[in-house]
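Comments concern the structure below.
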Amino acid sequence: MMTGNVLNGLLAGALVAFEQREEEEVLRLLLDAWRESRSVRIATLVQKLSDRLTVGLPPCERLSTAFSGEQPRPTGVPRILNWLLSVANEGNAETLERQLRSARRWPEDPRLIPVLRTIARWPVARDAEVIAALRDLLLQLRDPRTADDLQALLQAMGSWTTYEEALARLQERKDAPPAHSLDVALDSEARDACEALERALALREEAEARQLPLRDMLLARVYAHPDDDSARLVLADHLLEQGDPLGEFIMLQCSAQPDEARIRELLAQHGAAWQAPLGPLVRPDSTRFERGFPAAVRGFLEWKRPAPGPAWGTVREINGELIRGPSAAGWFAHPHLHAVTYLRRMQSSVVPALGAYPLSVRRLELSCWSRIEETLFLRLSTLPHLTWVELTEAHSRDVALCASSPLASRLERFTARRENAWSLEATPSEAVTVSVTLLSEEGVDELAQAIRAAVGFGTRGLRLVSRPRLEGSNRRLLEEAAAAYAHIEWV
């Protein structure tokens with residue numbers, strides 16, 4: 001009787017959560033309900049809702065730690081299991097056996113069953129340790145559908161133990177998980193709740209299918225005109241009518257006084273799904289949202305150059321650290337990247353080719369880990385909107401190359417820095433055209449050369465900040481380098 005009361009309470013809660021569009025909470029409650037009952041009907045509902053919530057989501061980051069024993073989020077399990085299938089497909093028995101053992105520390109989950117069944121049919125399952133791990137995990141799941149699979153695994157191990165006997169032996173072990181009821185029959189209240197959930201899910205999917213053309217049209221307008229807030233608000237109104245939380249999110253981020261706590265809550269619940277249209281290689285949690293849509297992509301899992309889809313139309317900033325190769329510059333010229341104005345941490349091997357395309361980039365950060373081409377800034381001067389260049393791990397030679405190029409007269413800001421040594425900022429239109437900071441005495445010679453090179457940005461004024469106290473020859477070296485400037489300010 002207690003099990004029935006608990007089960008019915010979970011199913012009733014799932015139905016309420018579904019009506020409130022808290023679908024990840026529905027999935028969590030259904031999983032708990034399955035653990036109480038091992039019902040095939042509830043397992044089917046779990047799978048349907050799981051597929052709905054995880055479609056298009058990127059793979060899990062740091063998959064090597066995905067089986068650390070920590071309980072994954074309900075929406076994270078399918079992505080981890082897809083990785084587990086890839087390990088099994090590669091035939092890595094040792095890794096597979098270790099991850100199967102780790103998965104035993106998870107709460108039981110019916111979505112494991114089809115994956116384990118698939119693995120059991122593959123050549124890797126001929127390994128004795130893998131067979132034992134599959135056996136123990138299937139036993140722990142205590143799902144009557146797996147009885148035949150378990151019997152086959154037991155026979156493959158040379159054992160004629162029955163499923164019931166193996167289950168009993170598992171419960172005798174010191175590390176055995178708590179025993180659960182096996183295949184509890186659903187009473188009329190539970191059957192009615194399952195039927196209501198099945199009907200509600202079908203109706204929602206039908207309604208979404210009917211609204212899809214209008215939704216796609218409104219999304220296309222946002223992607224094509226990312227600066228038009230009215231397009232976003234029209235879409236938000238439509239989504240709110242459908243009960244879609246993205247509508248609330250857009251409204252909140254477009255508000256003059258947004259509720260930051262609610263924004264964080266919505267991102268925690270739905271951020272992965274809202275990032276998914278950018279594609280599977282964008283690193284989870286690396287996207288910054290503005291006015292309801294991705295505005296900055298700051299990390300990739302790897303770089304395979306998939307063509308950017310329409311959802312990239314609202315992105316203004318990209319971290320290009322992993323975007324390499326001879327055709328990488330052409331990727332940035334894709335029409336769907338029309339709103340991108342800031343490229344961060346670009347590789348010196350890619351940047352020269354950017355000038356061949358009429359990009360909308362206004363700000364460019366270049367990592368100078370290798371020697372840059374002498375013609376780089378000349379080639380970048382063909383970018384019609386570029387007004388801000390940043391160099392990291394720069395050399396004085398790099399400052400000279402930019403300051404003497406046609407690009408220098410057009411820049412509103414130029415910055416160069418070398419970690420723990422010096423930094424330089426040029427703002428040609430201001431009274432102080434160049435500001436420099438010495439971070440350590442080891443950078444004095446290099447900074448002096450950079451100060452001389454920066455005269456190409458203007459000589460009206462120089463501001464010089466020295467973190468170490470300078471005396472003698474080091475101070476004279478900077479004073480001599482600064483002589484070309486009309487006004488010098490020491491700070």
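The values are calculated or read from the model by the stated rules, or taken from the named source; none is laboratory data. Please read all numbers here as calculations on a predicted model, not as lab measurements. Positions of Cβ are generated from backbone atoms using ideal geometry, with glycine treated the same way; all protein chains shown enter the neighbour counts.
Tabulated values for the structure
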{"read-out": "Inter-residue pairs, beta-carbon under 7 Å, first more than 19 Å from GLN47 (Cα to Cα) and not assigned by TED's automatic domain parsing to the domain that holds ALA33 and in segment 191-219, second modelled with pLDDT under 95 and surrounded by 11 or more Cβ atoms within 10 Å (Cβ to Cβ), 6+ apart", "value": "GLN211/GLN242"}
{"read-out": "Number of positions in segment 319-360 that are of a type in the set (Phe, Trp, Tyr) and part of a loop (DSSP other than H, G, I, E, B)", "value": "2"}
{"read-out": "Matching residues, segment 429-445, being of a type outside the set (A, V, I, L, M) and either farther than 26 Å from THR387 by Cβ or within 38 Å of the chain's Cα centre (by Cα) (or both)", "value": "SER435, THR437, SER440, GLU441, GLU442, GLY443, ASP445"}
{"read-out": "Matching entry among ASP143, ASP109, ASP136 (being over 32 Å from the mean Cα position of the chain (by Cα) and touching a residue at least 40 places away in the same chain (Cβ under 8 Å))", "value": "ASP143"}
{"read-out": "Conditions (1) within 21 Å of ARG52 (Cβ to Cβ); (2) at pLDDT 95 or above; (3) out of contact with any helix residue (DSSP H, G or I) (no Cβ under 9 Å at 6 or more places or on another chain); number of the one not met by ARG288", "value": "(1)"}
{"read-out": "The lone exception for SER255 - which of (1) modelled with pLDDT of 90 or more; (2) of a type in the set (Ser, Thr, Tyr); (3) under 22 Å from HIS338 (Cα atoms) it fails", "value": "(3)"}
{"read-out": "Scope segment 95-105; condition touching a helix residue (DSSP H, G or I) at 6+ places or on another chain (Cβ under 8 Å) and in contact (Cβ under 8 Å) with a residue 12 or more places away in the chain; matching residues", "value": "LEU96, GLU97, GLN99, LEU100, ARG101, ALA103, ARG104"}
{"read-out": "Residues that are closer than 19 Å to ALA43 by Cα and out of contact with any Ser or Thr (no Cβ under 6 Å at 6 or more places or on another chain), drawn from segment 134-149", "value": "LEU137, LEU139, GLN140, LEU141, ARG142, ASP143, PRO144, ARG145, THR146, ALA147, ASP148, ASP149"}
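Let's see how each residue does on (1) out of contact with any helix residue (DSSP H, G or I) (no Cβ under 8 Å at 6 or more places or on another chain); (2) crowded, with 16+ Cβ neighbours inside 10 Å; (3) part of a helix (DSSP H, G or I); (4) β-branched (Val, Ile, Thr):
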position: ARG371; (1), (2), (3), (4): yes, no, no, no
position: GLU374; (1), (2), (3), (4): no, no, no, no
position: PRO384; (1), (2), (3), (4): yes, no, no, no
position: SER405; (1), (2), (3), (4): no, yes, no, no
